[in-house]
Amino acid sequence: MSAAYWRRAMNAGAAGVQVQPPAPPPALRGPWAATHPGQRSWASRWAAAIHWRHVIVLAAVLLYPLVATPFFTFQIGGQALALGLIALSLTFLAGYGGMVSLAQMTIAGMAGYLVAIFGTSVQQQISLGWPWWLVVILAIVIPTLMAAFIGWLSVRTAGIYTIMITLAFGVGFYYFCLQNYTIFNGFQGFHKVLPPTLLGIDWREAVPYYYLALFWALAGYFFVKYLLRTPFGLALQGVRDNERRMNALGYSVTAHRVAAYAVAGAMASVGGILLVWYNALIAPGSVGTGALLTILIIAVLGGMRHPIGAFLGAVVFVLLQNFAIDLLGTEYRERFNTVIGLAFLLIVAFSPDGLLGWWTQVRGRLRARPGRVG
């Protein structure tokens with residue numbers, strides 16, 4: 001609800017006149033909007049929002065482990081879901097908040113380090129061995145607070161300065177982990193950081209880990225889709241489009257941006273926990289400059305304006321990462337970054353909105369062909 005409405009309501013209330021809230025415009029009415037008299041029920045809105053392609057994609061990801069080998073289930077599917085969740089946090093910040101952060105992998109890496117430090121690992125002289133549930137809570141709460149702090153500092157700037165501040169945090173955290181042996185074990189990091197065995201299930205096995213990562217990936221995706229339709233999400237997009245106008249309407253621009261950093265930090269933290277369980281280790285290389293840029297590349301490849309684009313970009317990245325050696329040969333093992341760079345340039349050159357933007361362009365051209373209706 002806009003600040004202008006609340007001011008009118010308060011003024012009218014003093015005069016004893018009741019002001020009815022305006023109905024939301026059609027563009028803002030979705031399955032999560034409040035139900036008004038004469039409108040469809042909440043369940044019917046859900047049914048109207050679900051398209052056949054959503055059902056197909058959901059069925060595909062649920063049945064994927066039944067037809068894929070353990071390698072494709074764990075190495076491709078599980079890793080792509082964990083990386084996609086971290087990239088989703090950047091997509092939320094940049095695509096809907098207008099804030100490009102290079103510290104999302106830093107937040108994820110911090111969560112991974114906290115899991116290793118508070119939990120169990122080979123480095124028993126450092127790891128504390130606390131209960132897994134407490135470790136997971138701390139590994140989400142502390143990085144989320146750090147993300148809010150980074151946002152509090154960086155949102156006071158704009159453009160390249162915001163990027164440089166978040167990059168400075170990322171590089172600083174990398175060197176701190178590299179040089180500190182008392183807490184972070186230096187360049188060696190922590191090994192055998194494994195998920196707990198619950199209900200008799202080893203969650204690092206291919207199929208259990210895939211479904212664990214899928215659950216949190218779907219949770220993050222639907223949470224972002226929901227949040228973008230709430231007053232907070234709409235205000236955040238308004239801040240992205242016109243900061244001065246939103247400030248004039250009475251919205252706190254800084255508070256909305258810092259809150260967005262905190263939300264993105266929570267998603268990145270969950271992705272970082274999944275990633276450290278996937279690798280079974282955490283080291284300074286996991287939070288280095290290359291890792292920071294990897295998340296940016298994944299988000300741009302898929303498309304910054306689409307939450308699902310983060311996962312699409314992660315799938316493309318992981319496939320290239322695993323099969324670039326087959327394309328270039330064993331003698332070009334170190335040329336993986338070249339392949340990623342070329343793919344990145346091609347996609348961005350033809351579609352600034354990533355792969356999903358490319359697909360939208362192609363679909364629009366097909367629909368515009370002579371003789372085609374709709």
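The set of residues in segment 97-112 that are buried (at least 24 other Cβ atoms within 10 Å of the Cβ), of a type outside the set (Gly, Ala, Ser) and closer than 16 Å to Ile297 by Cα comprises Met99, Gln104, Met105, Thr106.
Pairing residues of segment 252-269 that are under 18 Å from Lys225 (Cβ atoms) and free of Cβ contacts under 8 Å to residues at least 12 places away in the same chain with residues that are of a type in the set (Phe, Trp, Tyr) and in a helix (DSSP H, G or I), at Cβ distances under 9 Å and at least 6 apart in sequence or on separate chains, gives no pairs at all.
Evaluate segment 93-101: report whether one residue or more is in contact (Cβ under 8 Å) with a residue 60 or more places away in the chain and among the β-branched types (Val, Ile, Thr). So far as segment 93-101 goes, yes, one or more of its residues are in contact (Cβ under 8 Å) with a residue 60 or more places away in the chain and among the β-branched types (Val, Ile, Thr). When Leu90, Leu114, Leu128, Leu83 are screened for being part of a helix (DSSP H, G or I) and free of Cβ contacts under 8 Å to residues at least 60 places away in the same chain, only Leu114 passes.
Kindly establish whether Val270 is of a type in the set (A, V, I, L, M) and more than 14 Å from Ala94 (Cβ to Cβ). Yes. Determine whether Gly200 is within 22 Å of Thr157 (Cα to Cα), out of contact with any Pro (no Cβ under 8 Å at 6 or more places or on another chain) and not β-branched (Val, Ile, Thr). Spelling it out, it is not the case that Gly200 is within 22 Å of Thr157 (Cα to Cα), out of contact with any Pro (no Cβ under 8 Å at 6 or more places or on another chain) and not β-branched (Val, Ile, Thr). You will find that of Gly290, Gly285, Gly364, the residue that is surrounded by fewer than 19 Cβ atoms within 10 Å (Cβ to Cβ) and either at pLDDT below 70 or of a type in the set (S, T, N, Q) (or both) is Gly364 and no other. Among the residues making up segment 200-229, those that are buried (at least 16 other Cβ atoms within 10 Å of the Cβ) and of a type in the set (Phe, Trp, Tyr) are Trp203, Tyr209, Tyr210, Tyr211, Trp216, Tyr221, Phe223. Looking at the structure I just gave you, is Ala43 out of contact with any Phe, Trp or Tyr (no Cβ under 7 Å at 6 or more places or on another chain) and modelled with pLDDT of 95 or more? For Ala43, the condition - out of contact with any Phe, Trp or Tyr (no Cβ under 7 Å at 6 or more places or on another chain) and modelled with pLDDT of 95 or more - is not met.
The listed residues are Phe190, Phe184, Phe176, and the only one of them that is at pLDDT 90 or above and either surrounded by fewer than 18 Cβ atoms within 10 Å (Cβ to Cβ) or at positive phi (or both) turns out to be Phe176. Scan segment 145-163 for residues that are in contact (Cβ under 8 Å) with a residue 24 or more places away in the chain and either among the aromatic types (Phe, Trp, Tyr) or surrounded by 21 or more Cβ atoms within 10 Å (Cβ to Cβ) (or both) and report the count. Total satisfying the criteria: 8.
The values are calculated or read from the model by the stated rules, or taken from the named source; none is laboratory data. No experiment lies behind these values; they were computed from the predicted model shown. We place every Cβ from the backbone using ideal geometry, glycine too, and count neighbours over all the protein chains shown.
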